[in-house]
Amino acid sequence: MGFVPVSTADSGGPGGRDEWVHPPPAWPSPPAPAGGSSRTGPLPLQPMGVGEILDGAFKLYRANFKPIALVALILSAPLQIITSIAVRGQNGGTGLIAIFNDPSLGSSVDSNPFQSLGANLTLVLTTFVGFLVGPLIAGAVAKAVATSYLGGEISTGEALRASLRCWWPLLAGSILVHLVEGVSLLGCCIGLLFVMPLWMVVSPAIVVEGLGPVQGMKRSFQLCTTRYWPVLGIALLSGLITQTLGGMVGGVPAIAAGLIGYRWGFPLLALGGVATAVFVGPISAIVATLVYFDLRIRREGFDLEVMAANTSAHGAR
């Protein structure tokens, strides 16, 4: 703390000398409100920038890796394995290396029509089941991330049960969002670019607030229109990160399987698919949940609600 000179000429001091006195103490700045828990470390409970959202997303993923990864593994691994087995007969199971060394193999592959039909039906079935399972994974991730962001902890079973309770609204909301996005494709994908950010937080809104599918879409629309362009930027950046990491994690095993041939390389194909679903798939849902809280903080003062609730809880003890 410094000193400031004060003249004593007008205050009756001896000889009108300057005396050095302490300035009044300054009030310390209050700490910024923080969310998170001991496992995540402090997370911003205030308006967040893009860097803070991405940093918070990876902190939350690391702190909740077990429930998030187990949910994705339980629901995605069987589909990835079945899909990989179904394509074993593609090109007769012959790899690209063998075809490159002997081009006649590529034209002499004897494809069984019944085998091809069975493989195609299996792929259609697994795609349909994956569409049903996708919202369930997104809901479980949103529940785990929301609980951790607000300072709690949740197990794999609790996150999965919470998502199962919301499965119908999550599925119906996903179908409605895809229908709207499908209509927007009529504008040569430009419409999709403008519509996509409006539904970014449908799943978190349904899970956290217990909304129905239409109410979840309305809630997402209300929140995202207040910061449309930043949400669009975060959605595009999140998608770019997910696609890049997915290509790195799943692309290498898929290329290796294609070179060897799916007859013997299908385990590599399954490994790449499972790894992508477990390690990369949840990133978009985590980012969407943080964007949901950021929009509520900016629009509704959600941080003040949390601080008031925490103060009441401490006062009641």
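The values are calculated or read from the model by the stated rules, or taken from the named source; none is laboratory data. Just so you know, these numbers come straight off a predicted model, no measurement behind them. Using ideal geometry, Cβ is built from the backbone for each residue, glycine included, and neighbour counts are taken over all protein chains shown.
Worth a mention:
- Within region 89-102, the presence of at least one residue that is of a type in the set (S, T, Y), surrounded by 10 or more Cβ atoms within 10 Å (Cβ to Cβ), modelled with pLDDT under 90 and more than 28 Å from G233 (Cα to Cα) is confirmed.
- When T244, T276 are screened for being part of a helix (DSSP H, G or I), free of Cβ contacts under 8 Å to residues at least 60 places away in the same chain and buried (at least 19 other Cβ atoms within 10 Å of the Cβ), only T276 passes.
- Candidates L79, L43, L70 - the one that is at pLDDT 90 or above and under 30 Å from F293 (Cβ atoms): L70
- Considered as a group, the residues in region 247-260 that are in contact with a helix residue (DSSP H, G or I) (Cβ under 8 Å, 6 or more places away or on another chain) and among the β-branched types (V, I, T) include one that is surrounded by the fewest Cβ atoms within 10 Å (Cβ to Cβ), and that residue is V252.
- Selected residue (criterion: farthest from N120 (Cα to Cα)) from residues of region 47-88 that are of a type outside the set (K, R) and outside any helix (DSSP H, G or I): P47
- Test: residue in region 200-211 that is surrounded by fewer than 22 Cβ atoms within 10 Å (Cβ to Cβ) and free of Cβ contacts under 8 Å to residues at least 12 places away in the same chain: yes
- One residue from A285, A275, A254, A205 being of a type in the set (G, A, S) and more than 18 Å from the chain's Cα centre (by Cα): A254
- Residue within region 214-227 that is in contact with a Ser or Thr (Cβ under 8 Å, 6 or more places away or on another chain), assigned to a helix (DSSP H, G or I) and modelled with pLDDT of 95 or more present: yes
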